[in-house]
Amino acid sequence: MGEHTPMPEDQAAELQTLLDRQRQAFAADPAPGLAVRRGRLDRLRRAVLDHREALTAALDEDFGGRSVEESTTVDLLPALTGIRHAQRHLRRWMRPRRRWPHPLMQPASAWVHDQPLGVVGIMVPWNYPVYLALSPLTGALAAGNRVLLKLSELTPATNAVLGSVIRQAFSAEEVAVVEGGESVSRAFAALPFDHLLFTGSTAVGRQVMAAAAAHLTPVTLELGGKSPAVVDGDADLDTAAGRIAYGKLLNAGQTCIAPDYVLCTPDRRDALVDALRRAATRLYPDPLHNPDYAAVITRQHRERLEALLTDAREQGAELVSMAEAVENAPESGRMPPWLVLDAPASARVLEEEIFGPVLPVVTVADLEQALAYIRARPRPLALYYFGHDRRRQQQVLDRSHSGGVCINDTVLHVAQDNLPFGGVGASGMGLYHGFEGFRTFSNEKAVLRKGRWNSARLVEPPYGRRIHRWVRRLMVR
Ligand code: NAD
């Protein structure tokens, strides 16, 4: 985080003006129906498709190396399938959810009426700048809101294309894009939105929540953390290693749900290390010159990762290259993947979220100890368990907390559109994706409708003998 420089007042006023314009437009059309919402989602989908080549080229430019294939499969495709999912299910989501009225209320009907909240703010990080802008946008539009999107200062090329996507699809009263550094982000978080979704680090999430508290703006915080991968005794090591290596090295580890570290028993450690090295070499041979392997976004981010490695080595850990015989090459934007073995608990790689191609392997005596290790640390965004015994899988689910779990694979749960996505504890609060996204961005209004006849009069004064009979019956029901 850089020095905080206050934002010029005219810029702050500009943000407020954007918000006011959207708020007025919302007030003029506070209950957009199914056709309007589907139309907005359709315009968004078409605009993304029209710009798909420009988007993957811009992502490549911002990262200084990110393949068209990776950007398509992990940034564009999940954004597009999320929009399709919302389009298909919106009619059902928008239906009032009936509830059974209490006998004392009868005759009556009761239901939950989902209503758009108004103007939603969405703050986007740099690591998946398309998906993490469009996925929350999809939920907010499905729920009928207006949206201000704050894009990351580290992805200027992608922002320019996303700006064109949004302008092609929407008027500024529907969806508008905001760009800028930390001072703009701070001013954005301080706007009186009807809901604010922030994706980023836990440290900044705390500040965003504090800023939102001034207006009692509800927040959804999609934060980071150290997501463990547990490799149990009956897991096939090559399969587990292949799936861990894929999830870890996707986007060169710059993924909020990447497995951050691996837990296994000492007897399987060396075989797992060999399997991880084989898997990484199969996925990304010659990583420093491999166009399939993403670069680390900036020199500062690479230096932080190298400092983590230096710190681990100085504290007695063994560093093992996951690729065949490569050294760090500071002049390249790509960083070779590393395993870290025997790191002491005080090593930074075991304390901070890694967010790069560095994977510590930690040994524990058994599953019980693995779960105790996880429970002793802040609650992670994801947890990966490799093992086929259903009872042990259930034990993992019951005895650890994490935002999501993927059993016998990594990262894929995020792309399952009908599962909610979100963190718990330090990894965040609130849910989105699919129906949960629709609910997050809706006012779930409780409605009770009474008719002409009022049975509740039976418990109103003047009190007689009858009320005692009634209350007794209601109490023992
Ligand atoms: P970051 O938190 O460092 O920065 C995010 C943004 O916050 C920046 O654009 C910055 O301008 C802004 N900012 C800085 N100080 C602020 C303040 N006081 N108030 C408001 N805004 C402020 O995160 P990042 O480096 O962009 O992303 C990496 C982090 O995001 C990792 O921790 C990762 O795990 C997490 N992440 C989480 C998810 C998820 O879905 N849960 C997804 C992707 C990334």
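The values are calculated or read from the model by the stated rules, or taken from the named source; none is laboratory data. None of the values given here were measured: they were computed from a predicted structure. A quick note on method: Cβ atoms are made from the backbone with ideal geometry, for glycine too, and the neighbour counts reach across all protein chains shown. All accessible areas refer to the heavy atoms of the entire protein, side chains included, with ligands and DNA or RNA removed. Shrake-Rupley method; radii C 1.70, N 1.55, O 1.52, S 1.80 Å.
What fraction, in whole percent, of alpha-carbon pairs in the stretch 218-357 exceed 17 Å separation?
Value for the stretch 218-357: 59 percent of Cα pairs lie more than 17 Å apart.
What does the accessible area per residue of the chain come to in Å², with a 1.4 Å probe and no ligands, DNA or RNA counted?
45 Å²
Over 10 Å intervals from 0, what percent of Cα-Cα pairs in the stretch 322-477 sits in each interval?
8, 22, 23, 15, 12, 9, 6, 4, 1, 0
Restricting the calculation to Cα positions, tell me the Rg (one decimal) and the Dmax (whole number) of the stretch 390-447 in Å.
13.8, 43
Along the positive direction of the dipole of the chain (beta-carbon charges: Lys, Arg +1; Asp, Glu -1; about the Cα centre), which of L371, H195, Q315 reaches farthest?
The residue sitting most towards the positive pole is H195.
Dipole magnitude of the chain about its Cα centre, charges +1 at Lys/Arg Cβ and -1 at Asp/Glu Cβ only, in debye to the nearest 20?
4300 debye
Rounded to two decimals, what ratio of Rg to Rh does the chain give with C-alpha atoms and a Kirkwood Rh?
1.04
Whole Å is fine, so just give me how far the alpha carbon centre of the stretch 247-305 lies from that of the stretch 322-391.
Taking the Cα centre of the stretch 322-391 as reference, the centre of the stretch 247-305 is 10 Å away.
Taking the alpha-carbon distance from K445 and a cut-off under 16 Å, which lysines remain once sequence neighbours fewer than 8 residues away in the same chain are dropped?
none
Roughly what would the spin-label model give for W470 and Q11, points 7 Å off Cα along C-beta, in nm?
A separation of 6.3 nm, rounded to one decimal place.
Grab the Cα-Cα distance for H388 and E324, subtract it from 0.36 nm times how many residues apart they are, and report the gain in nm with one decimal.
19.9 nm
Just how far, in whole angstrom, is the stretch 78-116 from the stretch 176-218 if you go by their alpha carbon centroids?
Result: 29 Å between the Cα centres.
Treating only the Cβ atoms of Lys and Arg (+1) and Asp and Glu (-1) as charged, compute the dipole magnitude of the stretch 298-427 about its Cα centre; round to the nearest 20 debye.
460 debye
Calculate, for R21 and D50, the FRET efficiency according to 1/(1 + (r/R0)^6) with r their C-beta to C-beta distance and R0 30 Å; round to the nearest 0.05.
0.70
Where in the stretch 419-462 is the amide nitrogen less than 15 Å from a point lying 7 Å along the Cα-to-Cβ axis of H89?
Taking a point 7 Å out along Cα→Cβ of H89, the residues of the stretch 419-462 whose backbone N falls under 15 Å are 419-422, 431-442.
In whole percent, how big is the carbon plus sulfur part of the accessible area of the stretch 27-180, probe 1.4 Å, protein atoms only?
56 percent
Let me understand the stretch 276-353 better: what is its radius of gyration from the alpha carbons, and its Dmax, in angstrom?
For the stretch 276-353, the Cα-based Rg and Dmax read 12.6, 35 Å.
With only Lys, Arg, Asp and Glu charged, each at its Cβ (+1 for the first two, -1 for the last two), find how big the charge dipole of the stretch 131-286 is about the Cα centre; round to the nearest 20 debye.
180 debye
In terms of Cα to Cα distance under 20 Å, which lysines are near enough to K248, apart from those fewer than 8 places away along the same chain?
Leaving aside lysines fewer than 8 places away in the same chain, those within reach of K248 are K226.
Report the equivalent ellipsoid semi-axes for the stretch 141-211 in whole Å, largest first, defined as the square roots of five times the eigenvalues of the gyration tensor built from alpha carbon atoms.
21, 16, 10
Taking every pair of Cα atoms in the stretch 1-148, average 1/r, invert it to obtain the Kirkwood radius, and report Rg/Rh to two decimals.
Value, to two decimals: 1.09.
Sequence-distant or interchain residues sharing an amide H contact under 5 Å with V358, placed H: which?
W338
Set the Förster radius R0 to 35 Å, insert the Cβ-Cβ distance between H113 and E352 as r into 1/(1 + (r/R0)^6), and round the FRET efficiency to 0.05.
Here the calculated transfer efficiency is 0.20.
How high is the FRET efficiency between S164 and A203 when r is their beta carbon distance and R₀ equals 35 Å, given to the nearest 0.05?
0.60
What is the list of residues in the stretch 102-141 whose amide nitrogen lies under 18 Å from a point 7 angstrom out from the Cα of A456, following Cα to Cβ?
Under cut-off, by backbone N: 102-113.
May I ask you to list the GluC sites (Glu not before Pro) in the stretch 1-102 that are in a DSSP loop and have at most 14 other Cβ atoms within 10 Å of their Cβ?
In loop regions of the stretch 1-102 (DSSP not H, G, I, E or B), the sparsely surrounded GluC sites (Glu not before Pro) are E3.
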